[in-house]
Amino acid sequence: MSTGRIQFAEMDGTFVLKFIGEIRLTLCSALDATIEKIFSSLNFSSIVIDLTESRSIDSTTLGLLAKLSILSRQKVGMLPTLVTTHPDITRLLQSMGFDQVFNIVDTPLPCPECLADLPSQDQSEEVVKTKVLEAHRILMSLNESNREAFHDLVTALERS
């Protein structure tokens, strides 16, 4: 059982995702569905991801965040903003090369009461495996260090 949650709000074309607690694989289907929702919106203008209440983020979630950034650059030509106030989370993001694909800031968001929890998504093991594989391939594409770190995992997932 996950000890984290993701909240979501949309305000005048700005989409906000707030990660709370430990963000793990169990939340990735809901996150991926929300990413698809954001990019199918007609009034899209910006994305903010608030990590100020995150304790940890797994690599699958990081891969989905990288996907979000890539889609944002492709669709509207802008980098999403990541808000982080925890040195450990900030270091993790920088080590993954996220400072190249996000605007990273340390100012918390206004209006936390505007956010609502993402609904849970029940997915088959095969669908989850596909999402994990996609997320890690995206992480590998960010830099050589990630390519080396996740090569064995991706190879194992491709074989299973």
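Worth a mention:
- Where SER59 falls short, out of the listed (1) touching a residue at least 40 places away in the same chain (Cβ under 8 Å); (2) more than 18 Å from ARG137 (Cα to Cα); (3) polar (S, T, N, Q): (2)
- Figure legend. Inter-residue proximity from segment 106-120: first residues over 13 Å from VAL16 (Cβ atoms) and small (Gly, Ala, Ser), second residues modelled with pLDDT of 75 or more and open to solvent by less than 60 Å² (accessible area, probe 1.4 Å), beta-carbon distance below 7 Å, spacing 6+ or different chains. Indicated pairs: SER120/ALA30.
- Residue check, VAL48 in contact with a helix residue (DSSP H, G or I) (Cβ under 8 Å, 6 or more places away or on another chain), assigned to a strand (DSSP E or B) and touching a residue at least 24 places away in the same chain (Cβ under 8 Å): no
- Test: residue in segment 55-63 that is assigned to a strand (DSSP E or B), open to solvent by 70 Å² or more (accessible area, probe 1.4 Å) and in contact with a helix residue (DSSP H, G or I) (Cβ under 9 Å, 6 or more places away or on another chain): yes
- Of everything listed in (1) of a type outside the set (Asp, Glu); (2) modelled with pLDDT of 90 or more; (3) more than 19 Å from ILE6 (Cβ to Cβ); (4) open to solvent by 60 Å² or more (accessible area, probe 1.4 Å), the single unmet condition for THR85 is (3).
- For the residues SER29, SER72, the requirement of being part of a helix (DSSP H, G or I), under 17 Å from VAL128 (Cβ atoms), of a type in the set (S, T, N, Q) and over 10 Å from the mean Cα position of the chain (by Cα) singles out SER29.
- Restricting PHE44, PHE19 to those that are at pLDDT 90 or above and among the aromatic types (Phe, Trp, Tyr) reduces the list to PHE19.
- Test result for ASP122, open to solvent by 80 Å² or more (accessible area, probe 1.4 Å) and not in a helix (DSSP H, G or I): yes
- Residue match in segment 79-88 (condition: assigned to a helix (DSSP H, G or I) and without any contact (Cβ under 8 Å) to a residue 60 or more places away in the chain): yes
The values are calculated or read from the model by the stated rules, or taken from the named source; none is laboratory data. Keep in mind the model is a prediction, meaning the values are calculated, not measured. Neighbour counts run over all protein chains shown; Cβ positions are idealised from the backbone, glycine included. Please note that ligands, DNA and RNA were not included when accessible areas were found on the heavy atoms of the full protein model with its side chains. Shrake-Rupley method; radii C 1.70, N 1.55, O 1.52, S 1.80 Å.
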